[in-house]
């Protein structure tokens, strides 16, 4: 399932996020950042998982091990885990230095030991100048870094990052991502990022698990999830793949010839058990689509191995052009092209042809395989 093979820090076995919900398992390896990406989640599943791990919610029939020790029934604060997130804010009446000292007093460190530890953490997170300021005087970045420093004061084996990027501006997000990378290198800290944002998962993690409807759909490296998604839903979630429904006409050497509901016949690689006559979902990534501009009138079914469409929108998003096209049955698709690559005079309303090679697209069995 995953190419990550280092020693295990945290192992989570057969937990469920909802009563009678599906059980799943995963492992966090030493020094790794594992992101669990929650699809279509208002935050309830994300918080449920965080609460199960930290001890605020029973683990049920599953169990948790940290550094080969069973922590399933240990109380909150005694699991070797620390949670960073909006639900665990800084103490507003204390300075940042005092916030960091609070967990150290519980560990009964001497005054000199605590002062040395605090100085290390302030330097590690770049907070020396803000040490005696109250939380209200901090920027969003400084506040989050102070929360990270306080969590690290307990020397946890794993940091659980609970949706920490939510609400941050792009500059602050980038800064925190860079600091987390340096933090991992400096302390070999294992991080578990719980997030609802794909871009944060891709930027932070060496491995990603995708959770939807309380079930773990797939876990692996970013490359594995992007290049070999386990379903059409995952292809769409990880790459914004266009999904077209159709009927499998022939299956030969893992190449499926598909008659699409939008008109036209296209080929793609089979993923899963696809047979002739099956209803299927064809997934094609926006950047894998070739765009052609016919000089004469195009057939509504397109030419052989292509689809005819109408260009409905052109957006420049930096080095990339995001094009929207509409097929004959009003299905919309997205195509990515390099900036500056369109022929002069290209305009909305123009007829275009879409094409791709069989290896660029993937066909999955539809959830309803009755053809």
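The values are calculated or read from the model by the stated rules, or taken from the named source; none is laboratory data. From a predicted model like this one, the values you see are computed outputs, not experimental measurements. For neighbour counting, all protein chains shown are included, and Cβ atoms are generated from backbone atoms with ideal geometry for every residue, glycine included.
Just a few scattered comments:
- Test set (1) touching a strand residue (DSSP E or B) at 6+ places or on another chain (Cβ under 7 Å); (2) not assigned by TED's automatic domain parsing to the domain that holds residue 355 - residue 171 fails condition number: (1)
- Whichever residue in the stretch 150-161 is farther than 16 Å from residue 193 by Cβ and touching a helix residue (DSSP H, G or I) at 6+ places or on another chain (Cβ under 7 Å) and, among such residues, is surrounded by the fewest Cβ atoms within 10 Å (Cβ to Cβ): 154
- Out of 136, 95, one residue alone is surrounded by 15 or more Cβ atoms within 10 Å (Cβ to Cβ), more than 30 Å from residue 37 (Cβ to Cβ) and out of contact with any strand residue (DSSP E or B) (no Cβ under 9 Å at 6 or more places or on another chain). It is 95.
- Test for residue 221: is it assigned by TED's automatic domain parsing to the domain that holds residue 269 and closer than 30 Å to residue 365 by Cβ: no
- Out of 318, 272, one residue alone is assigned by TED's automatic domain parsing to the domain that holds residue 248, at pLDDT below 95 and more than 29 Å from residue 248 (Cβ to Cβ). It is 318.
- Qualifying strands (runs of 3 or more DSSP E) (wholly inside the stretch 207-302; at least 1 residues being touching a residue at least 12 places away in the same chain (Cβ under 8 Å) and touching a helix residue (DSSP H, G or I) at 6+ places or on another chain (Cβ under 6 Å)): 207-212, 215-220, 242-252, 255-260, 265-270, 279-284
- Among residues of the stretch 349-363 that are within 13 Å of residue 287 (Cβ to Cβ), those with a beta-carbon under 7 Å from a residue that is assigned to a loop (DSSP other than H, G, I, E, B) at least six positions away or on a different chain give the pairs 354/289; 356/289.
- Of all the residues in the stretch 162-186, those that are touching a residue at least 40 places away in the same chain (Cβ under 8 Å) and in contact with a helix residue (DSSP H, G or I) (Cβ under 8 Å, 6 or more places away or on another chain) number 7.
- The single condition among (1) at pLDDT 95 or above; (2) assigned to a loop (DSSP other than H, G, I, E, B) that residue 19 does not meet is (1).
- Counting only helices (runs of 4 or more DSSP H) that fall entirely inside the stretch 79-183 and contain at least 3 residues that are modelled with pLDDT of 95 or more and farther than 27 Å from residue 56 by Cβ, the qualifying elements are 111-124.
- Exactly one residue out of 107, 57 is over 22 Å from residue 204 (Cα atoms), surrounded by fewer than 18 Cβ atoms within 10 Å (Cβ to Cβ) and in contact with a helix residue (DSSP H, G or I) (Cβ under 6 Å, 6 or more places away or on another chain), and it is 57.
- The stretch 20-48 residues that are more than 17 Å from residue 163 (Cβ to Cβ), paired with ones that are part of a helix (DSSP H, G or I) (beta carbon under 8 Å, 6 or more apart): 31/184
- Per this entry, residue 88 is counted among residues that are in contact with a helix residue (DSSP H, G or I) (Cβ under 8 Å, 6 or more places away or on another chain) and surrounded by 13 or more Cβ atoms within 10 Å (Cβ to Cβ).
- Candidates 25, 42, filtered to the one that is modelled with pLDDT under 95 and surrounded by fewer than 20 Cβ atoms within 10 Å (Cβ to Cβ): 42
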